[in-house]
Structures are given as structure tokens and as C-alpha cells.
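All of the numbers you see were taken from the coordinates with simple rules; none came from a lab. What you see is a predicted model; the values in this text were computed from it and never measured. Ideal geometry is used to build each Cβ from the backbone, glycine not excepted, and the neighbour counts take in all protein chains shown.
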Amino acid sequence: MLFETANKYHFYHSLALLGASRCGKPAVGGALLVAGMGLFCGSLYHQALTGNPDLRKAAPIGGMALIAGWLALLL
């Protein structure tokens, strides 16, 4: 279940990253999306593949970075 969730969010935000070049400040939006995908999806992938929940605390930080990335794309 964790792997599927990480894969879904990774896919959708990768598509959003393709459109980041069309926003006003693409470096800010792109950097936030990449950081968010790394922290959120990376921690879920890590836990799904290893069973080790040590990186679980990074997921909310990554989620906030993803939200900030979407806001940067909109503004």
C-alpha cells in the first residue's frame, strides 16, 4: 500500500514538474516539487521497501513542500 501511494504521488507531481517551466518563477516551483517528492515519496518508498519506519517523520515535511510547490506554480 505504501509503495502504491508513493508511486501515485510521484507520477502526478512529475507531470506537474513538466509544467513548472510555464509558471512565473519556475526555479522556485520546480525546486519545491523536487524536494517534496524526495522527502514525501522517498520516505514512503524507503518504508515500503525496507520496513524501517525511521524516515516516516520526513513525509509531512515533504507534503508541505509539495503544497508550497503547487502554490508557487499558481502564483
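Note on the chain: GNM, Cα springs under 10 Å; of ALA65, ALA27, ALA35, the largest mean-square fluctuation is that of ALA27. Within the chain, the selection of entire DSSP H helices by a Cα span of 18 Å or greater along the long axis and an average Kyte-Doolittle value of at least 1.6 returns 58-74. Which of these, LEU32, LEU17, LEU49, has the largest mean-square fluctuation under a Gaussian network model of the chain (Cα springs below 10 Å)? Judging by the Gaussian network model, the answer is LEU49.
Across the chain, the mean sequence separation of Cα contacts (distance under 8 Å, 6 or more residues apart), normalised by length, yields a relative contact order of 40 percent.
Charge tally for LEU74 (other residues, Cβ to Cβ under 13 Å; Lys, Arg +1; Asp, Glu -1): +2.
Within the set of other residues whose C-beta is less than 14 Å from the C-beta of HIS46, count the net charge using Lys and Arg as +1 and Asp and Glu as -1.
Neighbour charge sum, excluding HIS46 itself: +1.
Taking 16 Å as the cut-off, the amide N atoms of the stretch 1-38 that come nearer than this to a point 7 Å along the Cα-to-beta-carbon line of ILE61 belong to 32-38. If you bin the C-alpha pair distances of the chain every 5 Å from 0, what whole percents do you get? Taking every Cα pair in the chain, the percentages come to 3, 20, 27, 22, 13, 8, 4, 1, 0. Between LEU75 and VAL34, the simple label model (points 7 Å from Cα in the Cβ direction) yields a spacing of 2.1 nm. Highest mobility in the GNM of the chain, judged by mean-square fluctuation with C-alpha springs under 10 Å and restricted to LEU44, LEU15, LEU55, is found for LEU15.
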